[in-house]
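Notes to accompany the following structure.
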Amino acid sequence: MGKSSKDKRDAYYRLAKEQGWRARSAFKLLQLDEEFNLFEGVTRVVDLCAAPGSWSQVLSRILIKGERIGRAAWDSRQAKDRLIIDGPPKDDLQQPMEENAREELKPRAGVKIVAIDLQPMSPLEGITTLKADITHPSTVPLLLKALDPDTFDPSMTSASHPVDLVISDGAPDVTGLHDLDIYVQSQLLWAALNLALCVLKPGGKFVAKIFRGKDVDLLYAQLRLVFEKVRVAKPRSSRASSIEAFVVCEGFSPPKGFKASLDNPLGAGTKLPQNPDLKEEKTKPYRRLREDGVTELELGSESANEGEDVRWIAPFLACGDLSAYDADASYHLPKDRQSLDPVQPPTAPPYKRALEMRKAAGGAYGKTKKT
Ligand code: SAM
């Protein structure tokens, strides 16, 4: 399967290359922003699991350069060289929408963006990149230092100038074993949340990729422990056939006196400071304070009748409307179209060594076969 057929199968893959994004994931963040206005008033951001860097590019263009990237970037009615699904376009899609008026760039003051990934990431202007494992406790001081190099001291466990937004697009190398993939992905989300707890300011936001497995409601409920509002969103650029979605958590409100640490992460049995307010919490799920001072997550009411559904389900939103390209569709392409190279080739792909070995052996079949 050549890159040209991928262009045809996936409109977002092609648009990403045309618009200079390092990955098609850029559209997921842009479509989430369109729905949730994620970047309003935001200047300090942490981008977890950031390589190759398309989410960081979005941050850079919107926060540092002050661009407004509207739906024209992915709207099938506005594309110059429209891709067509299933034959000729329908009438209502034929009229290009009015061009967004050109606005002046409005770079924001005091922007700080730190991006972390296991893989090395090609530099992006204005963005501090760290090569680190988000599940490892040693990443916390690295991140705190990158955020506030002047005020950092190694005994710190939280940011001296906390951040407005933490985003995480973390995904493991998928094995195809559904339950295993979902488990590993949930561990990444958990690590991202615990890092977010160390750096977010009260009222801050957390946006992270999840895989919707059968116990995902437990995850939503855990997030509701520390955020006022938790919603789940599926951007149009995320394939409907994939179990991927994004949790959008707003209004960070840690329990009083809570100190985050990856050595003692928030979770079942975490000892939280005594907080008499907890007993007052009424909405489900809520935090319950045990007599020994341990805070537990309560998913339902103790008085619930047997068989009564006590699960808390986060509201689900599909982002984008039918004018956005469909990530699952194949598109017809103009005859004279050209397939572009990726904007940023992988810096350290896992198959690099195999390629080197193949080259050293004289090609795909080795020297001995070349007669
Ligand atoms: N948001 C990125 C973008 O827009 O370019 C794409 C992220 S990609 C889907 C998932 C990333 O998660 C990979 O680059 C992978 O290296 C990273 N990752 C997986 N496990 C990680 C870990 N434990 N720590 C840091 N990064 C991790």
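Every number here is computed from the coordinates shown, using simple stated rules; none is lab data. Everything numeric here is computed off the predicted structure, so don't read it as measured data. All Cβ positions, glycine included, derive from the backbone under ideal geometry; neighbour counts span all protein chains shown.
Structure values in brief
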item: Residues 168, 323, sorted so that the one with the fewest Cβ neighbours within 10 Å comes first; result: 323, 168
item: Cβ-defined net charge surrounding residue 203, 13 Å radius [Lys, Arg +1; Asp, Glu -1]; result: 0
item: Diffusion coefficient, µm² s⁻¹, Stokes-Einstein with Kirkwood Rh over alpha-carbon pairs of the range 155-258 at 4 °C and 1.567 mPa s; result: 91 µm²/s
item: Approximate spin-label separation residue 161-residue 313, in nm, with each point projected 7 Å along Cα-to-Cβ; result: 4.4 nm
item: Other-chain or far-sequence residues with amide H under 5 Å of residue 168's (modelled H); result: 48, 207, 208, 209
item: The range 158-216 - Debye-derived log10 I(q)/I(0), Cα point model, q = 0.13, 0.30 Å⁻¹; result: -0.38, -1.19
item: Binned Cα-Cα distances of the range 23-77, short to long, each 5 Å bin given as a whole percent; result: 4, 18, 33, 28, 13, 3, 1
item: Under Karplus coefficients 6.51, -1.76 and 1.60, residue-wise ³J(HN,Hα) of the range 210-222 in Hz, glycine/proline x; result: 10, 9, 7, x, 6, 9, 5, 5, 5, 4, 4, 5, 5
item: For residue 44, residues with placed amide H under 5 Å, excluding near neighbours; result: 112, 164, 165
item: Potential extension, residue 321-residue 352 segment - 0.36 nm per residue separation minus Cα distance; result: 7.2 nm
item: Length gained when the stretch residue 178-residue 259 is fully extended (0.36 nm per residue, less Cα-Cα span); result: 25.7 nm
item: Extension reserve of the residue 241-residue 37 stretch, reckoned as 0.36 nm per residue once the Cα distance is removed; result: 70.9 nm
